[in-house]
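Asks: For reference, the structure I am asking about is given below.
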Amino acid sequence: MLTYLRKHSKGWLAYTAFGAIIVVFILWGGSSYLSREANKIAKIDRFIISTENYSKAYTDTLKKYQAQFGQALTPEMIKRLDLRRKVLDDLIDQYIIETDAKKMGIEITDGDLQQFISQVPAFQRDGKFDEAIYRRYLEYEGLTPAEFEQKARKDLLKQLFVSVLTENVIVSPQELDAAYHQLSDTYDLNYITIDPASFFKDVQVSQDQIQAFYDANKERYRVPPKITIAVIDFPATSYLSSTEVTTDDARDYYDTHKAEFSEPARVHVRHILIKMPDGTDTQTTGQKEELAGKIVAQAKEGKDFASLAAQYSQDELTAKKGGDLGMLPVNSFPKELGEVIATMKPGDVKGPIASPEGLQILKLEAREEAKTIPFESVSTSVMDTLKLQRAKLTAHDEAKKAFMELYEQSKPDFEGYAKAKGIEVRQIGPFSEGEDAVLAMKPEEVKKAFTFSADELGDVVGTPDGYAVYKVIRKELSRVPELKDIAGTVEADVRAQAAEEKAKEYAQKLATSPMEQLIAMNPASTGEFKRSSYAVPKLSMIPKLMDEVDSLKTPKVFEGKGAVYIVWIKSKKTADIRSLDKNQVESLRNGLLARKRQLALQDYLALAQDKKKGWHKVTIEKSKLVEGGGGTRDVPAPNDLN
């Protein structure tokens with residue numbers, strides 16, 4: 001048809017028909033693009049990162065962090081890590097690397113990928129690639145070969161890209177020497193703590209000072225908005241007696257949820273730990289790695305592993321037991337150890353393996369494969385679980401029914417509805433957004449509750465026991481209390497500020513005193529530490545003190561957490577790079593070179609998306625990165641039971 005139209009394109013009918021075809025193409029292809037546009041969380045050039053792709057990447061990353069940190073990974077820690085933004089940045093960086101690598105002519109062939117995978121030490125036995133080990137690793141990670149190879153291809157592409165990008169990056173002798181000092185110089189600081197509370201008795205404040213402080217700091221005393229709500233509860237337990245579950249129901253659930261009734265694979269492992277504290281210098285690291293290598297060699301030669309553990313392991317809990325960790329689920333080990341254990345057979349010794357605690361040497365004593373618990377052993381608990389789930393569904397339906405009935409009233413009569421149904425109404429509040437309401441609402445639900453007016457019906461919300469419907473009965477606007485209502489609090493703050501100023505004045509004067517006078521005051525000591533340590537021991541409350549240590553040849557005054565400190569160097573041991581052997585120097589050089597290459601990559605990626613100088617246009621939907629954003633009124637669905 002298109003050929004015919006081109007040949008007869010002079011007629012108006014042809015133009016009309018051709019125009020119609022174009023419209024169809026635009027609507028058909030464009031609707032897909034518009035749909036993706038509406039569902040995007042970010043856009044780089046014309047490439048769209050959808051909320052689905054982002055959510056998957058976030059979930060995968062979160063699982064890795066959970067495997068690494070376990071229970072230490074709290075919501076507060078996730079927030080501090082800014083994990084949501086980090087995941088998005090990684091997806092953006094991945095697109096830029098893949099796109100720019102293609103422009104540079106960098107590509108990964110199937111042969112490159114095969115060679116790369118075959119050379120991964122974890123997939124080898126006796127120095128050769130082992131298909132069985134490779135498959136077992138994929139099974140442990142829950143990956144298909146295609147998924148793993150796709151990830152490996154991206155990792156290899158990034159390696160080659162960085163290699164090309166940083167081929168001219170070098171480490172100068174001066175940089176090497178400075179890096180060694182940064183890692184290995186040892187400090188010990190003296191400090192004197194000045195407590196502002198000791199100056200309280202010398203502080204006199206007038207009413208004028210209190211008034212002036214209040215006027216200058218009113219926002220400091222602002223009370224946030226608060227609401228009070230009335231709640232009708234629909235607990236699942238109220239519907240248990242009318243809920244029926246048969247043995248066939250339980251059997252169906254069991255058959256379709258086998259994973260819930262399986263015991264994971266377990267392993268009996270012994271280990272030897274060679275501790276490697278933060279800040280361990282390069283020379284000590286080399287010595288510990290050499291020791292670990294000798295232990296591995298002895299174990300592989302047949303020396304009793306339990307005896308080696310008793311002799312060398314620095315794990316106080318297991319060393320006396322021959323390093324015995326007992327029989328544990330494979331998935332309970334940290335990722336770096338679990339991946340190795342997944343490739344081992346009974347009798348195998350592997351190591352040394354780097355872990356957060358130090359170097360680990362492992363021996364696998366026995367392995368139990370995963371198994372399924374028989375239905376007969378769990379039938380009662382399955383029936384109880386199903387009964388509670390169905391009762392919760394009923395509770396949700398009843399709460400939704402109540403919500404709709406109240407919603408249709410011009411002015412929801414909460415008390416009248418509850419009285420007619422024989423249900424109690426309870427009152428919660430007043431509470432602010434940041435407070436933990438008794439209803440245990442989710443943060444986004446609390447935030448939404450504050451958008452409703454007084455006497456307005458809220459939503460159906462989930463509770464620990466079932467569901468509830470609430471109504472806002474009172475709203476209190478944000479306000480700054482009058483001075484007379486908080487006079488005691490303001491006066492205490494004025495006194496504290498004045499006392500802290502006096503403490504700083506005293507500290508500044510004392511810091512200029514002769515050293516003999518300061519030493520006579522019996523200063524405390526931090527103990528020895530290295531610049532590579534996470535923080536200065538005993539003085540972690542002082543921000544950025546680690547950056548100041550070289551300037552502390554004379555005493556300086558710092559503030560931190562309500563106290564004032566005078567700090568100076570007690571002693572400094574300067575490391576000499578000439579004490580390192582050739583291999584240790586090369587190890588240090590390689591580490592510094594890797595760091596410089598990483599920084600070069602970061603600079604490149606930042607420049608690539610710079611709004612003025614960059615060659616990639618990046619748009620981010622920041623509102624979609626915020627957890628618990630607003631939304632329209634809706635009745636939540638019951639918890640997913642599948």
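Asks: Hey, if you put +1 on the Cβ of every Lys and Arg and -1 on every Asp and Glu Cβ in segment 453-547, which of I542, G458, L477 ends up farthest toward the positive end of that dipole?
Replies: Of the listed residues, the answer is I542.
Asks: Quick one: putting +1 on the C-beta of Lys and Arg, -1 on the C-beta of Asp and Glu, what dipole do you get for the chain around its Cα centre, in Debye to the nearest 20?
Replies: Computed about the Cα centre, the dipole is about 1660 debye.
Asks: Could you work out how much longer the chain between R80 and S355 gets when fully extended? Use 0.36 nm per residue separation minus the Cα distance between them, nm to one decimal.
Replies: 96.7 nm
Asks: While we're looking at this one, here's another question. Enumerate the calculated ³J(HN,Hα) couplings along segment 94-100 in order (Karplus 6.51 cos²θ - 1.76 cosθ + 1.60, θ = phi - 60°), each rounded to whole Hz, writing x wherever the residue is Gly or Pro.
Replies: 4, 5, 4, 4, 5, 5, 6
Asks: Shifting gears a bit: How many angstrom lie between the C-alpha centres of segment 200-266 and segment 503-536?
Replies: Rounded to whole Å, the Cα centres lie 44 Å apart.
Asks: As I understand it, the dipole of segment 55-98 uses +1 on the Cβ of Lys and Arg and -1 on the Cβ of Asp and Glu, about the Cα centre. Which of I97, A67, S55 lies farthest toward its positive end?
Replies: A67
Asks: I need to check one value: relative contact order of the chain, counting alpha carbon pairs closer than 8 Å and at least 6 residues apart, in percent. Please list the in-between numbers first.
Replies: Working: 826 pairs, mean separation 153.8, N = 642.
Answer for the chain is 24 percent.
Asks: Expressed as a whole percentage, what fraction of the accessible surface of segment 325-473 belongs to carbon and sulfur atoms when a 1.4 Å probe is rolled over the protein heavy atoms?
Replies: Carbon-and-sulfur percentage of accessible area, whole number: 50.
Asks: Right, here's the next one. Percentage of Cα-Cα pair distances in the chain greater than 44 Å, rounded to whole percent?
Replies: 49 percent
Asks: Next question. Using the heavy atoms of the protein chains alone and a 1.4 angstrom probe, what is the accessible area of the chain per residue in square angstrom?
Replies: On a per-residue basis, the chain sits at 60 Å².
Asks: Right, another one. First measure r as the distance between the Cβ atoms of D202 and I170, then evaluate 1/(1 + (r/R0)^6) with R0 = 35 Å and state the FRET efficiency to the nearest 0.05.
Replies: 0.05
Asks: Now for a different question. Dipole magnitude of segment 214-296 about its Cα centre, charges +1 at Lys/Arg Cβ and -1 at Asp/Glu Cβ only, in debye to the nearest 20?
Replies: Value, rounded to 20: 600 debye.
Asks: Give, as ranges by residue number, the residues of segment 401-441 whose backbone N falls under 11 Å from the point 7 Å along Cα→Cβ of R474.
Replies: It comes to 428-431, nothing else.
Asks: Positive end of the dipole of segment 287-436, charges at C-beta (+1 Lys, Arg; -1 Asp, Glu), about the Cα centre: which of I373, Q427, Y312 has its Cα farthest in that direction?
Replies: Of I373, Q427, Y312, it is I373.
Asks: Which whole-Hz ³J(HN,Hα) couplings does segment 112-122 yield from phi under the Karplus relation 6.51 cos²θ - 1.76 cosθ + 1.60, θ = phi - 60°, glycine and proline marked x?
Replies: Working through the residues one at a time gives 4, 5, 4, 5, 4, 5, 5, 9, 5, x, 5 Hz.
Asks: What would the Debye equation give as log₁₀ I(q)/I(0) for segment 464-534 at q = 0.19, 0.23, 0.27, 0.28 Å⁻¹, counting only Cα atoms as equal point scatterers?
Replies: -1.00, -1.09, -1.16, -1.18
Asks: Also, I was wondering about something else. Quick one: compute a quarter of the convex hull surface over the Cα atoms of segment 414-479 and quote it in nm².
Replies: Values: hull surface 18.8 nm².
Hull-based average projected area comes out at 4.7 nm².
Asks: Oh, and also: Between E586 and Q314, with labels modelled 7 Å along Cα→Cβ, what's the label distance in nm to one decimal, could you check?
Replies: Label at E586, label at Q314, 2.6 nm between them.
Asks: Quick check: net charge around L113, other residues with Cβ under 14 Å of its Cβ, Lys/Arg +1 and Asp/Glu -1?
Replies: Summing Lys/Arg as +1 and Asp/Glu as -1 gives -2.
Asks: Separate question: Mind listing the long-range amide H neighbours of Y467? Cut-off is under 5 Å, sequence gap 5 or more, other chains count too, H placed in the peptide plane at 1.01 Å from N.
Replies: For Y467, whose amide H was placed from the backbone, the distant partners under 5 Å are F234, A236.
Asks: In addition: What residues have an amide H closer than 5 Å to that of D459, excluding those fewer than 5 places away on the same chain, when H is modeled at 1.01 Å from N in the peptide plane?
Replies: So D459 has HN proximity to Y470.
Asks: May I ask you to evaluate 6.51 cos²θ - 1.76 cosθ + 1.60, the Karplus curve with θ = phi - 60°, for each residue of segment 260-272 and list the ³J(HN,Hα) values in order in whole Hz, giving x for glycine and proline?
Replies: Ordered by residue, 3J(HN,Hα) equals 6, 10, 10, 8, x, 4, 10, 9, 9, 10, 10, 9, 10 Hz.
Asks: Report, to the nearest whole %, how much of the accessible area of segment 85-128 belongs to carbon and sulfur atoms, 1.4 Å probe, protein only. Can you show the working numbers first?
Replies: Values: 1250 of 2640 Å².
Of the solvent-accessible surface of segment 85-128, carbon and sulfur hold 47 percent.
Asks: Filter K158/K303; K226/K401; K530/K582; K509/K573; K218/K530; K553/K611 down to the pairs with a C-alpha to C-alpha distance above 32 Å, please.
Replies: Pairs exceeding the cut-off: K158/K303; K218/K530; K553/K611.
Asks: Tell me, what is the Rg over Rh of segment 284-364, with Rh the Kirkwood radius over Cα pairs?
Replies: Reported Rg/Rh, Kirkwood definition of Rh: 0.93.
Asks: Compute from the Cα atoms of segment 182-292 the Rg and the Dmax, the latter being the longest Cα-Cα distance, and quote both in angstrom.
Replies: Both quantities, over Cα of segment 182-292: 33.3, 80 Å.
Asks: Can you give me the long-range amide H partners of I49? Hydrogens built in the peptide plane at 1.01 Å from N, cutoff under 5 Å, separation of 5 or more residues or another chain.
Replies: Here the answer is I41, A42, K43, I44, since their amide H atoms fall under 5 Å of that of I49.
Asks: Add +1 for every Lys or Arg and -1 for every Asp or Glu among the other residues with Cβ under 9 Å from the Cβ of L273, and state the total.
Replies: -1
Asks: Follow-up question, since we're still on this one. Take segment 368-505, compute every pairwise Cα distance, and split them into 5 Å bins from 0; I just need the percent in each bin.
Replies: Answer for segment 368-505: a P(r) of 2, 7, 11, 14, 12, 9, 8, 8, 7, 7, 5, 4, 4, 2, 0, 0 percent.
Asks: Rg and Dmax of segment 309-409, Cα atoms, in Å?
Replies: Looking at segment 309-409, its Cα Rg and Dmax stand at 24.7, 78 Å.
The values are calculated or read from the model by the stated rules, or taken from the named source; none is laboratory data. Here the structure is a predicted model, which means the values were calculated and not measured. Note that each Cβ is placed from the backbone with ideal geometry, even for glycine, and that neighbours are counted across all protein chains shown. Please note that ligands, DNA and RNA were not included when accessible areas were found on the heavy atoms of the full protein model with its side chains. Shrake-Rupley method; radii C 1.70, N 1.55, O 1.52, S 1.80 Å.
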